[in-house]
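Shown next, in structure tokens, is the structure this report addresses.
The values are calculated or read from the model by the stated rules, or taken from the named source; none is laboratory data. For clarity, every value in this text was computed on a predicted model and none was experimentally measured. Neighbour counts run over all protein chains shown; Cβ positions are idealised from the backbone, glycine included.
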């Protein structure tokens, strides 16, 4: 059932306000836990929210998301609920307030349900770095759903919830969306408030929706986008609603095809889907334009300097003193800090903190961080030049299909390279939308292919319009084959 159908059923009284959320809680406890995608389902809190929602509906409130269950990535704060970020060091931590996006969803009548698994502190591309176990892809449970928002993507793909929130620092919404056949949006930096999002890379992080369809993702975007005074980086730019123009014609739209996003380094089956999508858009009246993003090859080294440097600073607060788990065998303050962080933080998080601290250290700041920020400017200029020729860019999201669990865990560099086509958008601050383009066979099983659309800052409505055209061309949304989770 789409969000539109669900809300109409609630408004007309055909469905009770909380029935979809109760069903979602049951599904999260069953299929979600089978996938390793769910960390917690708080039914007591959910029951209270349902009671409040019923009262609001009886009072005649018009609620655009009335009764819609929404899964929440475990780095987004919901009052009184778990906020562990997939880490042992915050295992016992509970959020003292709601994130801005949660306030907006609840005000619109949505029902947050379920804390969803993720790579620890959003550091990973496979949701294998969680302290609470790996997450599986519902299309093939031997494969990763991507990361770091793997739990969010997995439960949407499995049909547990119609939509979930994720966060994207270098591709953490878009790569899981591509790997699970769902729709994922990384908004323009500053378009959605980060208030209540546990920080990883503050100049890169953005919250966005993962949904089954373009229309469902657009509905959530329209609710959560906008200015928030509590986030100093939140933009005051007026929000263009995405849903009203979703079905408008794309005739005359200039679709840029970046050479770097359709190179021979891609899996040929993914490249073929990019070409097919481009032909579909051209048949609808769009104009194809070849463009280049020449500094793409520097995106990964640049990202892993900027992101780790910011992580080194942001994660200094997680010391086991103020909140979370504290080591029991420390005899003095220094030992307490060392043991808390040594025992509470996973190896990948420790690796990135060390990398970031080194890049910021005296004598190395100019050689690494300062130079990376200069390259970041070049990446942003690449996008500016491309958008002077095109309205939207179309390309691959990932160079490969979903890889197997454990396949890249012993080689961090290969894992990092999984983000080669997504990290640039975060560094430049531009929005990007991933839309499924059907499936291909791998080992006699269908696996989804996700295509990426990128636009200038604050062009989300345009991206959704182009995404809707692609979704229809490939007869989406995608549905798991029968017995996939058996």
Among the residues of region 255-275, write down those that are touching a strand residue (DSSP E or B) at 6+ places or on another chain (Cβ under 8 Å), surrounded by fewer than 17 Cβ atoms within 10 Å (Cβ to Cβ) and closer than 18 Å to residue 473 by Cβ.
-> 269
What do you reckon, is residue 323 in contact (Cβ under 8 Å) with a residue 12 or more places away in the chain and more than 28 Å from residue 413 (Cβ to Cβ)?
-> yes
Just one of 142, 233 is within 21 Å of residue 425 (Cα to Cα) and at pLDDT 95 or above; which is it?
-> 233
Among the listed residues 483, 476, which satisfies the condition of being modelled with pLDDT under 95, crowded, with 21+ Cβ neighbours inside 10 Å and either over 18 Å from the mean Cα position of the chain (by Cα) or in a loop (DSSP other than H, G, I, E, B) (or both)?
-> 476
Every listed condition ((1) in contact with a helix residue (DSSP H, G or I) (Cβ under 8 Å, 6 or more places away or on another chain); (2) modelled with pLDDT under 95; (3) within 28 Å of residue 205 (Cα to Cα); (4) part of a loop (DSSP other than H, G, I, E, B)) holds for residue 92 save (1)
Exactly one condition in (1) touching a helix residue (DSSP H, G or I) at 6+ places or on another chain (Cβ under 7 Å); (2) assigned to a loop (DSSP other than H, G, I, E, B); (3) more than 30 Å from residue 201 (Cα to Cα) is not met by residue 25; state its number.
-> (2)
Please state which one of 223, 239 is part of a loop (DSSP other than H, G, I, E, B) and surrounded by 15 or more Cβ atoms within 10 Å (Cβ to Cβ).
-> 239
Residue list for region 125-139, restricted to those being in a loop (DSSP other than H, G, I, E, B) and closer than 27 Å to residue 481 by Cβ = 125, 126, 127, 128, 130, 133, 134, 135, 136, 138, 139
When you look at residue 438, is it in a strand (DSSP E or B) and surrounded by fewer than 24 Cβ atoms within 10 Å (Cβ to Cβ), yes or no?
-> yes
Can you spot a residue in region 422-432 that is in contact (Cβ under 8 Å) with a residue 40 or more places away in the chain and either assigned to a strand (DSSP E or B) or surrounded by fewer than 17 Cβ atoms within 10 Å (Cβ to Cβ) (or both)?
-> yes
When both residues are 6+ apart or on different chains and their Cβ atoms are under 8 Å apart, which pairs have a first residue that lies in region 398-417 and is farther than 23 Å from residue 451 by Cβ, and a second that is surrounded by fewer than 18 Cβ atoms within 10 Å (Cβ to Cβ)?
-> 405/142; 412/351
Qualifying residue in region 36-46 (condition: at positive phi, at pLDDT 95 or above, within 22 Å of the chain's Cα centre (by Cα) and outside any helix (DSSP H, G or I)) | yes
Confirm whether residue 418 is in a helix (DSSP H, G or I), touching a strand residue (DSSP E or B) at 6+ places or on another chain (Cβ under 7 Å) and buried (at least 19 other Cβ atoms within 10 Å of the Cβ).
-> no
Determine if region 328-341 includes at least one residue that is part of a loop (DSSP other than H, G, I, E, B), surrounded by fewer than 21 Cβ atoms within 10 Å (Cβ to Cβ), touching a residue at least 24 places away in the same chain (Cβ under 8 Å) and over 24 Å from the mean Cα position of the chain (by Cα).
-> no
